[in-house]
């Protein structure tokens, strides 16, 4: 930047796709390679040496008999899982009967773990946004553009503050939300009956009898439709699938497709709201340049209640896995479900 300013240079930047044999891109790559070809920045581990260690590995007084590499991976994953479960916004889900195995399986998708698929990545990003209630509603926008949006309300009703829950509860869109829930119910009915023999077909009443999950409300004690939008499936729903379907794989596939159907319909619902906000912003002369000028101009006061109830702290699931085997996620299913039984 100093060179550009001192010499008053005008710089044009052109984006090119990597590894497409672009002459200028290849030229820059060659310069970088020549500048660093004498450096060995990589760390090479010979994992075979792990099997010839002259000592016995111990964790928390427990002799480790499995591969250390797998143990390190499992420990990291368990720490991340407990950190996620201890988030304040998940306080409810530590008390309700959530099937965590299905929950995380729904994030994996149809592709292999090491396969890069941009469409699948976009779907996962949307799932995460919903899960952590981080859709860019007005109350979220205020965190970075407070000076520009501090007097703004829901773009649909223009009366109430728009947080994550209000997106789905707005009275102006109650009819649309009823249609969304009805559409999801009918989709689930059709998908289940596609799998079942005609003699075992179910009716819409069987679907609607899953009472709480279709309620459009916020509850601290039950899983409602708002929780389904976020991706949290209760045991009652998964057990309903298990009673109808013959194999675990069919239950997982149906759950994954059901999650995606809710996601698709929710994003269509959300897009209508976004179009309305963009229309209002254009009328007020708010564009990208105006937003850049106001970015971080005034401090937003975060009123979020911090969590004090950290239920998972000591990697209990990892200890249970070492002693008894099994899946670490299943440990949280047993602990949480047992606490509400």
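We did not get these values from a lab; they are worked out from the coordinates using the rules stated. Please read these numbers as outputs of a predicted model, since none were measured by experiment. A quick note on method: Cβ atoms are made from the backbone with ideal geometry, for glycine too, and the neighbour counts reach across all protein chains shown.
A few comments on the model shown:
- Peptides 190-197, 168-175 ranked from most to least packed by the mean count of surrounding Cβ atoms within 10 Å: 168-175, 190-197.
- Taking every Cα-Cα distance in the stretch 223-263 and sorting them into 5 Å bins starting at zero, the pair-distance distribution P(r) comes out as 5, 25, 31, 25, 11, 2 percent.
- Computed across the stretch 131-294, the Kirkwood hydrodynamic radius from all distinct Cα-Cα pairs reaches 17.8 Å.
- Once Rg and the Kirkwood radius are both taken over the C-alpha atoms of the stretch 164-220, their ratio Rg/Rh works out to 1.08.
- The stretch 131-294, relative contact order in percent, only Cα pairs under 8 angstrom and at least six apart counted: 23
- Here the peptides 223-230, 149-156, 100-107, 267-274 are ranked by packing, the mean other Cβ count within 10 Å, and the order with the highest first is 223-230, 100-107, 149-156, 267-274.
- Placing a label point 7 Å from the Cα of residue 216 along the Cα-to-Cβ direction, the residues of the stretch 173-188 with a backbone N closer than 14 Å are 173-185.
- Peptide ranges 241-248, 74-81, 8-15 listed from the most packed, as the mean C-beta count within 10 angstrom indicates: 74-81, 241-248, 8-15
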